[in-house]
Amino acid sequence: EANALNEMLSTGVGAGWVPVIDLVHVTPGYEAALGAALGDDLNVPVDAEAPIYWRALPMPEAMQALPAGVQALSNLVQAPDALSRLLSQIGIVERGQGGELQAQLQPGQCLVTREGDLWRWDGFTATAEAPTAAAVRLRQRNRLADLEGTIGASEIDVAELRGIHQDAREAR
């Protein structure tokens with residue numbers, strides 16, 4: 001499974017540019033939220049030498065606030081500085097809140113749910129029933145990280161058991 005995920009996740013990475021999706025670490029369970037908010041933009045690199053890229057800009061002194069009580073996705077995602085502005089303007093809400101809060105959004109802001117629903121400031125709305133390829137890729141990356149941890153722990157256990165087995169054979 002780990003080998004298959006590694007192979008799938010490495011396809012489509014072209015011309016030496018690392019897509020930002022491979023530099024992002026999202027809290028498990030929020031992959032669909034990030035995928036809904038950024039979609040294919042997660043496939044763009046941060047390398048300024050690339051023909052299309054994310055550019056890191058300093059945060060403005062006064063950034064517009066999300067609606068009251070809404071947590072920013074930036075609290076749940078570790079990403080390159082180039083995504084800081086954007087992630088600070090994406091709010092996480094429960095499914096029943098998005099439609100109610102959408103009219104309060106300022107230009108550039110959006111709301112997402114863990115399930116992948118999206119409400120944008122300009123009225124654009126997408127339900128979680130339209131999953132993005134980015135969300136699937138993020139879930140696969142988190143699964144791969146879990147598998148690699150399990151494999152690493154298993155390799156340590158196997159090495160210890162081999163040592164015990166060898167000691168037992170020598171004691172005979």
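The values are calculated or read from the model by the stated rules, or taken from the named source; none is laboratory data. The model shown is predicted, which means the values in this text are computed figures rather than measured ones. In this analysis, Cβ positions are derived from the backbone assuming ideal geometry, glycine residues included, and neighbour counts consider all displayed protein chains. Just so you know, the surface numbers come from the protein's heavy atoms only, side chains and all, with ligands and any DNA or RNA stripped out. Shrake-Rupley method; radii C 1.70, N 1.55, O 1.52, S 1.80 Å.
A compact table of results
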{"quantity": "Cubic angstrom per residue, convex hull over Cα atoms of the range 65-119", "calculated": "77 Å³"}
{"quantity": "Residue 113 - accessible surface, heavy atoms, 1.4 Å probe, Å² rounded to 10", "calculated": "0 Å²"}
{"quantity": "Surface accessible to a 1.4 Å probe, residue 156 within the full protein complex, Å²", "calculated": "100 Å²"}
{"quantity": "Correct choice for Rg and Dmax of the Cα atoms in Å that was computed from the model, options [x] 15.5, 46; [y] 20.8, 78; [z] 18.2, 58", "calculated": "[y]"}
{"quantity": "For the range 62-68, Karplus couplings with θ = phi - 60° (6.51, -1.76, 1.60), whole Hz, Gly/Pro x", "calculated": "10, 9, 4, 7, 6, x, 3"}
{"quantity": "Mean Cβ count within 10 Å, highest first, over the residues of peptides 30-37, 142-149, 157-164", "calculated": "30-37, 142-149, 157-164"}
{"quantity": "Estimated D of the range 34-130 in µm² per second, where Rh is the Kirkwood radius over Cα pairs and Stokes-Einstein applies at 37 °C, 0.692 mPa s", "calculated": "235 µm²/s"}
{"quantity": "Solvent exposure ordering (accessible area, 1.4 Å, most first) of 55, 139", "calculated": "55, 139"}
{"quantity": "In nm, spacing of pseudo-spin labels at residue 164 and residue 100 (7 Å Cα→C-beta vector)", "calculated": "5.6 nm"}
{"quantity": "Packing rank of 64-71, 39-46, 103-110, where each peptide gets the mean count of other beta carbons within 10 Å, highest leading", "calculated": "39-46, 103-110, 64-71"}
{"quantity": "Helix-only CD estimate at 222 nm, as mean residue ellipticity for the chain, using -39500 (n - 2.57) per DSSP H run (n ≥ 4)", "calculated": "-12500 deg cm²/dmol"}
